[in-house]
Amino acid sequence: MDIILWVVLGVIVFLVGYVIAMYNGLVRLKNRVEEAWSDIDVQLKRRYDLIPNLIEVVKGYASHEKETLERVVEARNSAMRAQESGDAKAQGEAENMLSGTLKSIFALSESYPDLKANQNFLELQQELSDTENKIQASRRFYNTNVRDFNTKIEMFPTNLIAKQLGFTARDFFEIENEEEKENVKVKF
């Protein structure tokens, strides 16, 4: 009888240890997803801080391009509101809209040769371009972690424990605007 008791206790200890290991793995992946989301937030904050400076420089050269500047400001404000909501899908849509409006501000520089040569504009444009690259890298990092987390909570037997402990799948950061998925056409 002692051997059966020890075997049962051993199986119970093993199962408890296995459940603890699965739970800790889920928590580690959940925290990586949250860290990745935080990285996106950091880069978006940097972008939000750069945009007003860029707009002020452009305003000096393109005062009659008010509509374009207002669209950029509205897109920035919309993106900031979406960020506060915490909804990944809404934030993705707002950020994609902001990216589109930023392209229009750089297109303005083609109409104003003095603006294109202005050192402040060039530095801000470079900083914004660098920030956009970092945002893309942060989004890829986030999506990688979301993929790993979602895969883990969907695989057997972790899915049984994940569901019971309230772990739910996360949304990917995706491009909603089909036009942004198309290849850029370069004409000379």
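Within the stretch 137-153, the set of residues being among the basic types (Lys, Arg) and crowded, with 17+ Cβ neighbours inside 10 Å comprises 139, 152. Checked against the criterion of being under 23 Å from residue 153 (Cβ atoms) and modelled with pLDDT under 80, the candidates 87, 39 yield just one match: 87. Would you check if there is a residue in the stretch 60-73 being of a type outside the set (Lys, Arg), over 25 Å from residue 172 (Cα atoms), modelled with pLDDT of 75 or more and surrounded by fewer than 17 Cβ atoms within 10 Å (Cβ to Cβ)? Yes - at least one qualifying residue is present in the stretch 60-73. The set of residues from the stretch 1-37 being more than 18 Å from residue 151 (Cα to Cα) and β-branched (Val, Ile, Thr) comprises 3, 4, 7, 8, 11, 12, 13, 16, 20. Considering only the stretch 110-135, state which residues are at pLDDT 75 or above, loosely packed, with under 13 Cβ neighbours inside 10 Å and not hydroxyl-bearing (Ser, Thr, Tyr). Matches in the stretch 110-135: 126, 133. Please verify whether residue 77 is closer than 25 Å to residue 51 by Cα and at pLDDT below 80, treating the condition exactly as stated. So residue 77 does not fit the description; no.
Cβ-Cβ contacts under 6 Å between residues 6 or more apart (or on different chains), taken from a first residue in the stretch 23-38 that is surrounded by 15 or more Cβ atoms within 10 Å (Cβ to Cβ) to a second residue that is in a helix (DSSP H, G or I) and hydrophobic (A, V, I, L, M, F, W, C), are listed as 26/162; 29/149; 33/146; 33/149; 36/141. Any chance the stretch 154-162 includes a residue that's at pLDDT below 90, closer than 29 Å to residue 96 by Cα and either surrounded by 18 or more Cβ atoms within 10 Å (Cβ to Cβ) or not charged (D, E, K, R) (or both)? No, the stretch 154-162 contains no residue that is at pLDDT below 90, closer than 29 Å to residue 96 by Cα and either surrounded by 18 or more Cβ atoms within 10 Å (Cβ to Cβ) or not charged (D, E, K, R) (or both).
The values are calculated or read from the model by the stated rules, or taken from the named source; none is laboratory data. What you see is a predicted model, and the numbers here were worked out from it, not measured in a lab. So basically every Cβ, Gly included, is an ideal-geometry build from the backbone, and we count neighbours across all protein chains shown.
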